[in-house]
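J.: Below are the structure tokens for one structure; questions will follow.
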Amino acid sequence: MSSPEQPTIISTRVIVEHGPDIALLRRASTGEFAGAWELPGGKVEPGEDIAAGARRETEEEMGISIDLLPFQPEMIDNRPILDGKHRGKWYKAYGFIAAAASRDLTLDPEEHEDSIWIPPYEALALATLSQTSRKAILELGALCSSQIKKPSTREGFVIS
């Protein structure tokens, strides 16, 4: 596990719900994790409360206000970073669940190029869903109002 001497990146992933769906954002086609689908969230600033960082990052990325559900954040990732610009640092990610009053998002095109509202079980079927987002949905999905199981009355689905 991490020690006090290891620089640590604290990150968040937020399952934002609106009705039975959750929001996913597609990373811009250039830069780190280009084209991957992910839950909103991001890095917590040094000295910033983790929940405050989750709210700030999510609202910045989506351009809407959210209400975080009041529960202890779940650690969804805890590992060393082995490559890339943060190599040698430790990565910890915490998952949250939030409600959105609107589906009308305003994305920063330098960070994200697309968004979808999708049931959690369909999100898990996306091949390009980020590892940390997949972990968040699997570990926190049972707490979501929409849950992660596919409704038995719905026919199959296609995801591009």
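J.: Evaluate segment 82-91: report whether one residue or more is closer than 24 Å to Ala123 by Cα and either of a type in the set (Lys, Arg) or at pLDDT 95 or above (or both).
T.: Step one: filter segment 82-91 for residues closer than 24 Å to Ala123 by Cα, giving 91.
From the residues that got through so far, the ones that are either of a type in the set (Lys, Arg) or at pLDDT 95 or above (or both) too are none.
No, segment 82-91 has no match at all.
J.: Looking at Glu17, Glu60, Glu38, which is the one that is closer than 27 Å to Glu122 by Cβ, touching a Gly at 6+ places or on another chain (Cβ under 9 Å) and among the acidic types (Asp, Glu)?
T.: Details: Glu17 fails: touching a Gly at 6+ places or on another chain (Cβ under 9 Å); Glu38 fails: touching a Gly at 6+ places or on another chain (Cβ under 9 Å).
The unique qualifying residue is Glu60.
J.: Given the conditions (1) part of a helix (DSSP H, G or I); (2) among the aliphatic types (A, V, I, L, M); (3) in contact with a Cys (Cβ under 7 Å, 6 or more places away or on another chain), report the number of the one that Ile97 does not fulfil.
T.: Condition not satisfied by Ile97: (1).
J.: What is the residue count in segment 48-74 for residues that are touching a helix residue (DSSP H, G or I) at 6+ places or on another chain (Cβ under 9 Å), more than 23 Å from Gly19 (Cβ to Cβ) and either part of a strand (DSSP E or B) or modelled with pLDDT under 90 (or both)?
T.: 1
J.: Do you know which residues across segment 29-43 are more than 22 Å from Leu138 (Cα to Cα) and at pLDDT 95 or above?
T.: Initial filter on segment 29-43 (more than 22 Å from Leu138 (Cα to Cα)): 29-32, 34.
None; the set is empty.
J.: Go through segment 38-47 residue by residue and tally those that are part of a strand (DSSP E or B) and farther than 17 Å from Arg103 by Cα. Write out each step before concluding.
T.: Our first condition is that a residue be part of a strand (DSSP E or B); within segment 38-47, this holds for 38, 43.
Now restrict to residues that are farther than 17 Å from Arg103 by Cα: 43.
Matching residues across segment 38-47 total 1.
J.: Starting from residues that are within 19 Å of Pro70 (Cβ to Cβ) and touching a Gly at 6+ places or on another chain (Cβ under 8 Å), keep the ones in segment 124-146 and report whichever is modelled with the highest pLDDT.
T.: Initial filter on segment 124-146 (within 19 Å of Pro70 (Cβ to Cβ)): 136, 139-146.
From what is left, the residues that are touching a Gly at 6+ places or on another chain (Cβ under 8 Å) are 136, 139-140, 146.
Working: Ala136: 94, Glu139: 89, Leu140: 88, Ser146: 58.
In this case the residue turns out to be Ala136.
J.: Quick check: is even one residue across segment 109-129 over 16 Å from the mean Cα position of the chain (by Cα) and closer than 19 Å to Ser11 by Cβ?
T.: Going residue by residue through segment 109-129, those that are over 16 Å from the mean Cα position of the chain (by Cα) are 109-110.
Imposing the further condition that a residue be closer than 19 Å to Ser11 by Cβ reduces the set to 110.
Yes.
Residue-by-condition table, conditions (1) charged (D, E, K, R); (2) surrounded by 14 or more Cβ atoms within 10 Å (Cβ to Cβ); (3) at negative phi; (4) in contact with a Lys or Arg (Cβ under 8 Å, 6 or more places away or on another chain):
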site	(1), (2), (3), (4)
Glu17	yes, yes, yes, no
Arg27	yes, yes, yes, no
Leu39	no, yes, yes, yes
Glu57	yes, yes, yes, yes
Met62	no, yes, yes, no
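The values are calculated or read from the model by the stated rules, or taken from the named source; none is laboratory data. Here the structure is a predicted model, which means the values were calculated and not measured. Counting neighbours? That spans all protein chains shown, and the Cβs are built from the backbone with ideal geometry, glycine included.
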